[in-house]
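Q: Please read through the structure below; I'll follow up with questions.
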Amino acid sequence: MSNKGTSIDLVPATEADEEKARAFDLEPHRVKMIFDEPFFAAVLRGVNYERTDAIPTAGVLAKDGDVHMWWNPKFLSSLTTLQVKGLLKHEAMHLALDHTTTRRLEPHIIHNYATDLAINSDIPEKELPDGGLIPGKAFKELTDEDRIKMGPETALRYKRVSDKIASLPKGLSSEEYFSRLMKDSQIAKDIQNQGDGDSALPGGMDNHDGWEELSDEERELVKGKIAKAVSDAVKEADSTGRWGSVGAGTRKMLRERISKEVDWRAILRKFCGMSRRGTRTTTWSRINTVHIHPKWGPLSTAAKRGYTSSIAVYIDQSGSVSDQDLELSFGELCNLKRRTEFTTFNFDTKVDEESETAWKRGSTPCLRTRFGGTDFECVTKHANKNSHRFDGYIIITDGEAAKPSSSRLKRGWMLIPGTKLFFDADGRDFVMKMKNPVKKAA
């Protein structure tokens with residue numbers, strides 16, 4: 001696990017610091033969590049705690065079928081008791097929100113920022129270690145000495161990202177923060193320059209390395225273990241009434257996550273998966289020359305079969321569909337870009353063909369070009385006309401329009417939170433009712 005990109009210098013200045021690190025014991029803090037923060041303590045109950053110098057701060061990691069929390073004694077011994085509690089709450093929420101087992105959005109470093117912003121929205125600032133990203137709060141102001149040390153270009157990048165973080169509201173989901181950071185290409189570039197040893201920017205309160213290294217089998221195994229731990233923690237907190245500092249909005253969100261209702265994200269993945277078509281490629285490989293076939297020679301061929309899909313995404317431009325709703329939907333679609341090609345179109349009472357955008361890796365589609373009403377018939381006709389190009393299409397909407405005619409292509413309705421279709425969908429249509437993960441204050 002690397003320590004690139006952290007903004008924290010962990011080399012103790014004195015022998016007293018070294019001694020403090022050697023003497024630091026995490027166990028009393030864990031015990032105190034059981035009484036002060038029972039929900040977070042329950043989520044972390046089955047975690048393997050590992051003291052290490054291999055990472056600069058701390059972080060949860062799914063590895064070898066188990067969940068581990070690695071922690072650096074030099075870092076934790078530098079924190080106040082409140083900050084250690086805040087760090088443990090932060091790591092528990094990474095688990096509760098599936099950040100360690102859901103594939104990270106790309107670029108990874110921007111996804112790291114987004115997940116920390118979402119979690120730190122609900123943790124009091126006094127409980128966050130230095131380097132924690134807080135929506136609505138600018139970074140520490142640079143001194144003249146800092147600017148000289150950084151250089152003018154790095155200091156300017158620091159200010160741009162600081163201003164952006166200060167402009168973000170609290171209470172959004174990680175997908176929404178990711179979308180807002182990616183929408184500003186300069187900010188996205190600034191944050192990505194955080195890598196390769198450049199440690200000017202904050203964001204180093206914990207370590208996210210290794211999250212994307214799980215195999216599919218290991219990912220599902222660990223995801224099941226974490227889901228059970230979170231489910232047990234929620235049920236235990238509900239039965240005893242001991243939630244600690246967890247607010248009402250977060251409690252509601254956690255209850256929804258463990259409910260038996262089919263997650264709209266799972267329906268979306270199924271829609272894209274069922275729309276995939278097979279691709280066949282031939283690869284050449286050398287075989288052992290001892291066993292060369294007298295007729296076919298030293299080369300053999302092997303067929304590789306892959307699967308991909310091309311999906312059109314039609315974006316409702318009516319005023320009741322907010323940019324925040326669209327950010328949530330595109331944050332989830334971004335998870336599927338590895339095997340799915342998305343082409344976006346904006347529409348109101350007609351499809352804006354000039355808005356057509358092939359959604360490429362690392363980019364964010366244009367969300368607004370029109371401001372009219374809503375007509376689903378124009379979308380259906382456009383999709384049927386282009387059925388040779390696409391394997392299916394998704395309509396992101398609030399559902400407030402008349403029912404369109406039947407579709408030749410597989411059709412998915414991606415409804416923004418709190419809305420429903422004004423009609424019964426056709427039997428072969430997919431309906432995805434998005435749940436808003438925004439955590440309201442109690």
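The values are calculated or read from the model by the stated rules, or taken from the named source; none is laboratory data. Here the structure is a predicted model, which is why all the values come from computation and not from measurement. We place every Cβ from the backbone using ideal geometry, glycine too, and count neighbours over all the protein chains shown.
Conditions (1) exposed (fewer than 13 other Cβ atoms within 10 Å of the Cβ); (2) closer than 18 Å to residue 252 by Cα; (3) modelled with pLDDT under 90; (4) not assigned by TED's automatic domain parsing to the domain that holds residue 174, marked per residue:
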| position | (1), (2), (3), (4) |
| --- | --- |
| 402 | yes, no, no, yes |
| 406 | yes, no, no, yes |
| 411 | no, no, no, yes |
| 414 | no, no, no, yes |
| 417 | no, yes, yes, yes |
| 421 | no, no, no, yes |
| 424 | yes, no, yes, yes |
| 428 | yes, no, yes, yes |
| 441 | yes, yes, yes, yes |
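Q: Shifting gears a bit: For region 158-175, which residues satisfy the criterion of being charged (D, E, K, R) and either modelled with pLDDT of 90 or more or not in a helix (DSSP H, G or I) (or both)?
A: Of everything in region 158-175, those that are charged (D, E, K, R) and either modelled with pLDDT of 90 or more or not in a helix (DSSP H, G or I) (or both) turn out to be 159, 160, 163, 164, 170.
Q: Working only within region 222-251, note down all residues that are in a helix (DSSP H, G or I) and hydroxyl-bearing (Ser, Thr, Tyr).
A: 231, 239, 240, 250
Q: Restricted to region 348-364, and to residues that are among the hydrophobic types (A, V, I, L, M, F, W, C) and closer than 16 Å to residue 330 by Cα, which residue is modelled with the lowest pLDDT? Working first, answer last.
A: Going through region 348-364, the residues among the hydrophobic types (A, V, I, L, M, F, W, C) turn out to be 351, 358-359.
Subsequent filtering for residues that are closer than 16 Å to residue 330 by Cα retains 358-359.
Details: 358: 86, 359: 77.
Per the criteria, the residue is 359.
Q: Hey, another quick one. Taking into account only those residues within region 400-420 that are more than 26 Å from the chain's Cα centre (by Cα) and not aliphatic (A, V, I, L, M), which is nearest to residue 313 (Cα to Cα)?
A: Among those that are more than 26 Å from the chain's Cα centre (by Cα) and not aliphatic (A, V, I, L, M), it is 410.
Q: Could I ask something else about it? From the set of residues in region 381-424 that are part of a helix (DSSP H, G or I) and not charged (D, E, K, R), which is nearest to residue 264 (Cα to Cα)?
A: 383
Q: Out of (1) under 21 Å from the mean Cα position of the chain (by Cα); (2) at pLDDT below 95; (3) under 25 Å from residue 236 (Cβ atoms), what's the single condition that is false for residue 103?
A: Unmet condition: (3).
Q: Which of the residues that make up region 109-130 are in a helix (DSSP H, G or I) and aliphatic (A, V, I, L, M)? Before you say what the answer is, go through the steps one by one.
A: Of the residues in region 109-130, the ones in a helix (DSSP H, G or I) are 109-120, 125-127.
Residues satisfying the conditions are 109, 110, 114, 117, 118, 119.
Q: Also, quick follow-up: Consider residue 332 against the criteria (1) assigned to a loop (DSSP other than H, G, I, E, B); (2) modelled with pLDDT under 80: it satisfies all of them except one. Which criterion is unmet?
A: (1)
Q: Further question: Take residue 108 and tell me if it is out of contact with any Lys or Arg (no Cβ under 9 Å at 6 or more places or on another chain), closer than 15 Å to residue 229 by Cα and either surrounded by fewer than 23 Cβ atoms within 10 Å (Cβ to Cβ) or modelled with pLDDT under 95 (or both).
A: no
Q: Condition check: of a type in the set (A, V, I, L, M, F, W, C) and either surrounded by fewer than 20 Cβ atoms within 10 Å (Cβ to Cβ) or in a strand (DSSP E or B) (or both). Does residue 93 satisfy that?
A: no
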